[in-house]
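Chemist: Sharing a structure with you now.
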Amino acid sequence: MLDGVTAFVTGASQGIGRVIATELAAEGANVALAARGDGIHETAELIDDEDRTLAVETDVTDEESVANAIESTVERFGGLDCLVNNAGIAGPTKPVEDISVEEWNQTMDVNVLGPFLCTKHAAPHLRASEQGSVVNIGSISGKRPLTDRTAYTASKMAAIGLT
């Protein structure tokens with residue numbers, strides 16, 4: 001059981017992030033649900049425990065947004081024990097010469113800068129915890145590149161390096 005543990009989960013509005021958040025809550029953890037969209041409120045409704053959930057709109061590519069979300073979590077639950085860096089995007093699927101700088105930067109910002117910023121701002125709180133942990137959700141593409149997925153593959157290789 002995870003009673004008393006507080007987790008901050010990015011990308012908690014859908015998919016893998018939603019499942020991670022609901023499973024952590026089912027095991028008794030307090031869960032901060034972080035994402036840009038309204039789906040975090042739907043995830044909170046699925047968990048159905050207002051005392052142990054915090055839906056906090058967060059843009060992982062914006063340092064101020066991340067810092068505020070982490071601080072809101074610590075203020076609400078009294079600390080932070082686990083960070084799950086799950087937010088990510090697929091990026092463009094096209095030959096490298098057809099990828100725009102904007103597409104490249106967006107993929108790197110969400111998939112690499114996001115986990116860095118979240119870890120940076122969570123680290124002091126995780127160090128203060130007796131059980132602080134960071135879980136970075138990656139992809140096999142970080143070790144086995146996919147055709148026409150250059151930005152995504154590079155971002156997942158970078159995430160492995162960050163880990």
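Chemist: Calculate how steeply helix 15-26 sits against the longest principal axis of the alpha-carbon atoms of the chain, using the helix alpha-carbon long axis, and give the answer as 0 to 90 degrees to the nearest 10.
Modeler: Approximately 20 degrees, to the nearest ten.
Chemist: Once fully extended, how much extra length lies between ASP48 and THR163, figured as 0.36 nm per residue of separation less the alpha-carbon to alpha-carbon distance?
Modeler: Using 0.36 nm per residue and subtracting the Cα-Cα distance, I get 38.2 nm.
Chemist: Residue by residue through segment 132-147, what is 3J(HN,Hα) from phi via Karplus (6.51 cos²θ - 1.76 cosθ + 1.60, θ = phi - 60°)? Round to whole Hz and write x for glycine and proline.
Modeler: With the stated coefficients, segment 132-147 comes to x, 8, 10, 10, 9, 7, x, 7, 4, 5, x, 10, 10, x, 10, 4 Hz.
Chemist: What is the extension gain from ASP62 to ARG127, computed as 0.36 nm multiplied by their sequence separation minus the C-alpha to C-alpha distance, in nm to one decimal?
Modeler: 21.1 nm
Chemist: At a Cα cut-off below 12 Å, give the aspartates and glutamates reachable from LYS156, other chains included and same-chain residues fewer than 8 away excluded.
Modeler: ASP109
Chemist: Could you order peptides 73-79, 140-146, 150-156 by the average number of other Cβ atoms within 10 Å of their residues, highest first?
Modeler: Details: 73-79: 17.0, 140-146: 13.4, 150-156: 23.6.
Ranking the peptides 73-79, 140-146, 150-156 by packing returns 150-156, 73-79, 140-146.
Chemist: Over the Cα atoms of segment 1-54, each weighted equally, I'd like the Debye log10 I(q)/I(0) at q = 0.23, 0.24, 0.28 Å⁻¹, rounded to two decimals.
Modeler: Taken in order of the listed q values, log10 I(q)/I(0) reads -0.71, -0.78, -1.06.
Chemist: Highest mean first, what order results for 4-10, 23-29 on Cβ atoms within 10 Å?
Modeler: Working: 4-10: 25.1, 23-29: 17.1.
Descending mean neighbour count gives 4-10, 23-29.
We did not get these values from a lab; they are worked out from the coordinates using the rules stated. Since the model is a prediction, treat every value here as computed from it, not as a measurement. No Cβ is skipped: glycine too gets one built from the backbone with ideal geometry, and neighbour counts run over all protein chains shown.
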